[in-house]
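Engineer: So that we are looking at the same thing, I have put the structure below in structure tokens.
Values quoted throughout were computed directly from the atomic coordinates according to the rules given, and no laboratory measurement underlies them. Worth saying up front: this structure is predicted, and the values here are computed from it rather than measured. Positions of Cβ are backbone-derived with ideal geometry, glycine not excepted, and every protein chain shown enters the neighbour counts.
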Amino acid sequence: ETRLALLVAEGASNQEAAAKLFVSVKTVEARLTRIYQKLDVRSRAQLATTLRTP
């Protein structure tokens, strides 16, 4: 999940992240849903901001 969150925060699309992590796009979507819930964010932009905030 950490690697996926960092890829998305850097601007990777779901398809790009899936290819880099050797998983399906559906897996990326499911993991992003869990990441959003854990970090209480609603968008990729919020995720990026949350990860960049110390």
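Engineer: At 222 nm, what helix-only mean residue ellipticity would the chain give, in deg cm²/dmol to the nearest 500, using -39500 (n - 2.57) for each DSSP H run of four or more? The partial results should precede the final answer.
Structural biologist: Numbers: 4 runs with 40 residues, N = 54.
After summing the helix terms and dividing by the residues of the chain, the value is -21500 deg cm²/dmol.
Engineer: Related question: Pop out the ³J(HN,Hα) list for the stretch 10-25 in order, Karplus 6.51 cos²θ - 1.76 cosθ + 1.60 with θ = phi - 60°, rounded to Hz; leave Gly and Pro as x.
Structural biologist: Listing the rounded values in order: 7, x, 5, 6, 4, 5, 5, 5, 4, 5, 5, 9, 6, 10, 7, 4 Hz.
Engineer: May I pose another question? Return one quarter of the surface area of the convex hull spanned by the alpha-carbon atoms of the chain, equal to its mean projected area, in nm².
Structural biologist: Values: hull surface 12.9 nm².
Hull-based average projected area comes out at 3.2 nm².
Engineer: How charged is the neighbourhood of residue 39? Take every other residue with its Cβ under 14 Å from the Cβ of residue 39, and add Lys/Arg as +1 and Asp/Glu as -1. All intermediate terms of the calculation are to be shown ahead of the outcome.
Structural biologist: On the way: positive: 31, 34, 38, 42, 44, 52; negative: 1, 40.
Combined, the nearby Lys, Arg, Asp and Glu give +4.
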